[in-house]
Amino acid sequence: MRDADVIVVGGGPAGSAAAARLASGGADVLVLDRAEFPRQKLCAGWITPEVVRDLDLDVERYPHGFLSFRRLHWHLHGMRLPVTCVQHSIRRIEFDDWLLRRSAAPSLVHAVRDIRREADHYVLDGMFRCRYLVGAAGTACPVRRALFEDMRPRPRELQTVTLELEFPFEWKDPDCHLWFFEHGLPGYSWYVPKAAGWLNVGIGAMAARLKKRGEHIREHWRRLAARMRRQFGISLPDDPPGYSYYVRGPVDSARIGNAFIVGDSAGLATRDLCEGIGPAIRSGQMAAESILGGAPFELDRIGARSLGEGLFSRWMDWSFTRGVAPAA
Ligand SMILES: Cc1cc2nc3c(=O)[nH]c(=O)nc-3n(C[C@H](O)[C@H](O)[C@H](O)COP(=O)(O)OP(=O)(O)OC[C@H]3O[C@@H](n4cnc5c(N)ncnc54)[C@H](O)[C@@H]3O)c2cc1C
């Protein structure tokens with residue numbers, strides 16, 4: 001049996017952010033991830049200035065491709081709205097590996113299946129034992145399944161479905177494009193350039209509303225593929241990989257005893273843009289602060305909307321979720 005004070009299940013942004021803070025605070029922490037890093041993670045890899053700040057990321061010293069956008073092109077009901085801002089893109093295969101290494105926490109490749117409570121410890125697969133447990137394994141997190149499922153099922157109406165591809169492409173247009181609600185899609189599609197000649201193209205929508213419309217996300221993917229061919233001369237295959245995650249619902253039950261769920265495991269992506277990296281990092285850091293110093297683990301301190309609390313952001317939120325289980 002391998003003992004550690006804290007075991008973090010999942011080494012994505014949520015898990016590595018928790019592990020980094022725990023390790024720097026002197027905790028005996030171990031990260032378990034089923035994948036060997038560097039690993040692929042479906043994600044557009046768009047990150048905000050808040051993410052850069054929360055991670056204390058020195059952009060000049062980041063060893064991989066990092067691209068900054070001076071504006072985004074929003075396409076909303078046929079209108080093109082250039083939005084001046086500063087946003088960034090990274091490749092998740094590089095970024096997550098770098099974050100996990102930077103955490104300086106020991107990690108092992110292990111797919112966690114079984115979690116049991118034994119007195120004041122948690123035992124994982126009969127092989128690992130800890131006093132504190134952080135569930136950071138994404139949508140299908142085994143910590144959530146074992147300890148949190150009965151507390152608050154995630155509302156199906158808040159589940160997204162996505163399709164995406166990242167590939168080498170000598171893009172000419174260096175701006176990020178987002179097309180919202182096209183052909184009735186309850187979601188949006190994107191074109192996100194990356195440094196060193198990479199491009200990410202994808203589409204995401206609210207699964208239950210798509211189903212209610214009798215549609216499949218692949219029909220919308222085909223429309224996106226047609227646009228990419230027309231507008232950018234890109235040929236996309238018909239069968240890209242997909243992933244599903246949840247946008248922000250109620251978050252008052254993300255800690256039970258010494259067990260925490262963070263990031264996608266807790267369903268924290270924002271309700272107006274489905275942005276999940278920032279909330280994952282902040283929740284991971286917050287869990288670490290609770291373990292190290294007893295700080296309250298209050299996820300409602302993490303914003304539920306990327307665009308703030310203004311009317312536009314609330315309208316975007318409603319356009320995706322139709323007001324289901326509004327965030328605190
Ligand atoms: C197509 C798509 C595009 C997106 N684009 C963006 C974007 O541009 N910007 C943004 O902010 N957000 C985006 N998101 C959301 C974002 O990717 C997630 O919210 C974010 O990755 C959550 O981080 P996490 O650490 O909670 O989970 P993950 O990043 O999913 O990490 C979970 C880790 O747990 C591991 N794991 C899983 N099961 C087990 C197990 N049983 N045992 C051990 N380890 C396990 C996995 O291998 C993985 O490494 C996108 C999501 C999708 C699907």
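The values are calculated or read from the model by the stated rules, or taken from the named source; none is laboratory data. Computed from a predicted structure; not experimentally measured. Counting neighbours? That spans all protein chains shown, and the Cβs are built from the backbone with ideal geometry, glycine included.
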Within the range 63-92, track down each residue that is crowded, with 18+ Cβ neighbours inside 10 Å and outside any strand (DSSP E or B).
-> F66, I90, R91, R92
Kindly indicate whether R116 is on the phi < 0 side of the Ramachandran plot and either buried (at least 19 other Cβ atoms within 10 Å of the Cβ) or not in a strand (DSSP E or B) (or both).
-> no
If you go through the range 124-152 one residue at a time, how many are assigned to a strand (DSSP E or B) and within 15 Å of the ligand (Cβ to nearest atom)?
-> 6
When only residues in the range 52-90 that are touching a helix residue (DSSP H, G or I) at 6+ places or on another chain (Cβ under 8 Å) and closer than 24 Å to S319 by Cβ count, which is nearest to the ligand (Cβ to nearest atom)?
-> Q87
Taking the options P237, P241, P296, name whichever one is closer than 24 Å to C141 by Cβ, surrounded by fewer than 19 Cβ atoms within 10 Å (Cβ to Cβ) and at pLDDT 95 or above.
-> P241
Could you please find all residues in the range 275-300 being more than 16 Å from the ligand (Cβ to nearest atom) and of a type outside the set (S, T, N, Q)?
-> E289, I291, L292, G293, G294, A295, P296, E298, D300
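Mind listing whichever residues of the range 294-311 are in a helix (DSSP H, G or I) and touching a residue at least 24 places away in the same chain (Cβ under 8 Å)?
L299, D300
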Return a yes/no flag: does the range 246-265 have any residue that is of a type in the set (S, T, N, Q), part of a loop (DSSP other than H, G, I, E, B), under 17 Å from the mean Cα position of the chain (by Cα) and within 12 Å of the ligand (Cβ to nearest atom).
-> no
